[in-house]
1. Mind ranking 251-257, 170-176 by how tightly packed they are, going by the mean number of other C-beta atoms within 10 angstrom, highest first?
2. Report the local net charge at Lys183: Lys and Arg +1, Asp and Glu -1, summed over other residues whose C-beta lies under 12 Å from its C-beta.
3. Rounded to whole Hz and in sequence order, give me ³J(HN,Hα) for segment 280-290 from the Karplus expression 6.51 cos²θ - 1.76 cosθ + 1.60, θ = phi - 60°, writing x for Gly and Pro.
4. What whole-number distance in Å separates the alpha-carbon centres of segment 75-141 and segment 231-274?
5. What's the extension gain from Asp184 to Ala303 if we count 0.36 nm per residue and subtract their Cα-Cα distance?
6. According to a simple spin-label model (label point 7 Å from Cα along Cα-to-Cβ), what is the distance in nm between Ser12 and Asp280?
7. Can you give me the long-range amide H partners of Glu371? Hydrogens built in the peptide plane at 1.01 Å from N, cutoff under 5 Å, separation of 5 or more residues or another chain.
8. How many nm separate the modelled label positions at Asp203 and Asp394, each set 7 Å beyond the Cα in the direction of the Cβ?
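We did not get these values from a lab; they are worked out from the coordinates using the rules stated. Source: prediction; values computed, not measured. Note that we place each Cβ from the backbone using ideal geometry, even for glycine, and neighbour counts take in every protein chain shown.
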Amino acid sequence: MAAEGYSTIRPSTTAMERALDAGSGVVRLAPVWVPRAFCTPGKRIRLHPEDYFPLGQARGGIDERWLASPVRADNGPLTGPYEGLSLVVDPEGTLQPFDEFVGHHKDQAVGDRLWNEHGGWTMYSKFYDNLMPLPFHVHHTDEKAALVGKPGKPEAYYYSPQMNNYLGEQSISFLGLQPGTTKDQVRERLSRFGAGGDNRITDLALGYRTQLGTGWDIPAGVLHAPGSVCTYEPQAACDVFCMCESWSNNREVPEELLWKDVPEDRRGDLDFVIDLLDWDLNTDPDFVGNRFMRPYETQGSIAAGGGGFVEKWIVFRSSSFSAKELTVFPGQTATITDTDAYGAIVVQGHGKFGSHDAASATTIRYGQLSEDEFFVTEPAARAGVTVTNHSLTDDLVILKHFGPGNTELGPVG
């Protein structure tokens with residue numbers, strides 16, 4: 001079996017056409033599991049308990065599931081050729097690389113606007129699932145990421161109640177820096193990285209307790225150490241980062257992760273690391289007011305008057321991506337239209353999603369397919385996807401992630 005868990009990855013334009021036609025523009029995606037050597041799995045992403053360490057001791061545990069991902073993970077020299085990349089399920093049994101699927105169908109997959117302006121699908125979402133908080137780190141802006149041949153990486157968090165039967169060992173996230181923090185203070189903490197132990201850089205941050213059913217907007221350049229919560233994270237399609245905290249998960253963070261995405265000629269230059277930070281955003285005295293997200297109902301949902309479903313914006317502060325939470329009530333059917341293509345993941349219930357059977361996962365074996373993840377092309381989104389809840393008692397809950405500049409959401413500022 002391949003490192004990605006599947007042995008049937010066989011790119012074929014015929015299969016890509018067949019998958020698109022079979023679902024009338026809605027395709028099923030295979031689960032994508034990503035290990036992280038510096039993390040400890042929280043075991044809430046519904047992988048079988050025996051399958052969280054399937055790739056050997058050097059690779060670490062499965063800590064993330066990537067959703068509608070057009071990019072590979074950047075996990076060092078042992079990274080598999082399709083690791084992190086979503087795979088389209090062909091009705092005849094093969095799996096098709098999602099980046100090639102989008103590249104083949106072009107505007108018929110993502111729509112004229114995204115294809116012409118961005119050249120494809122430029123975001124993905126993930127379930128991040130760590131038993132402990134992540135190290136305090138930063139993702140590069142477009143300008144800084146370009147120095148290592150990558151795009152920048154803004155991201156956002158939503159704390160789905162369905163994915164959190166417990167909150168791990170420290171459900172407090174450190175975000176940004178305390179107003180008044182100086183660059184000299186940050187430089188001094190970074191200088192301790194190689195000395196061993198904890199460089200205590202989060203002493204300069206503020207911690208926020210997790211509130212399920214809410215979230216945060218984290219632009220590129222903002223320091224963050226997500227707490228030990230299973231988090232739904234829409235983000236730009238890139239795996240660029242710089243770890244700034246030397247102690248996490250009760251062990252030292254390898255110093256190489258401080259310099260992971262720093263140009264060769266700037267390795268060892270702490271001023272370069274400090275320049276990765278957007279200082280105004282990090283020290284914003286109204287950080288909560290500008291970055292916190294409490295869901296609100298979409299206009300389409302309000303117009304429907306609660307007749308069978310409710311839909312809310314859950315990620316809405318970034319121009320790079322957005323997300324909704326759709327809840328279809330027990331025994332109800334709703335046809336939902338959207339202006340843009342999107343990825344979708346079912347987190348509760350079972351029923352139909354377009355022509356596909358849909359069911360939230362309980363336990364998935366590594367390498368097994370599921371019925372919980374889909375990609376909806378722009379033509380299908382605009383035509384409307386009919387969603388039916390087959391349960392008479394449970395809600396059917398689906399999280400939906402969109403690309404840049406969602407035209408329904410409008411300008412973000």
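1. Details: 251-257: 14.7, 170-176: 21.3.
Put in order of decreasing packing, that is 170-176, 251-257.
2. Numbers: positive: Arg187, Arg189; negative: Asp184, Glu188, Asp271, Asp275.
Taking every Cβ under 12 Å from that of Lys183, the sum is -2.
3. 5, 5, 5, 9, 4, x, 10, 4, 5, x, 9
4. Answer, in whole Å: 21.
5. Numbers: separation 119, 0.36 × 119 = 42.84 nm, distance 5.28 nm.
Result: 37.6 nm gained on full extension.
6. About 5.4 nm, to one decimal.
7. Ala359
8. That separation, rounded to one decimal, is 4.8 nm.
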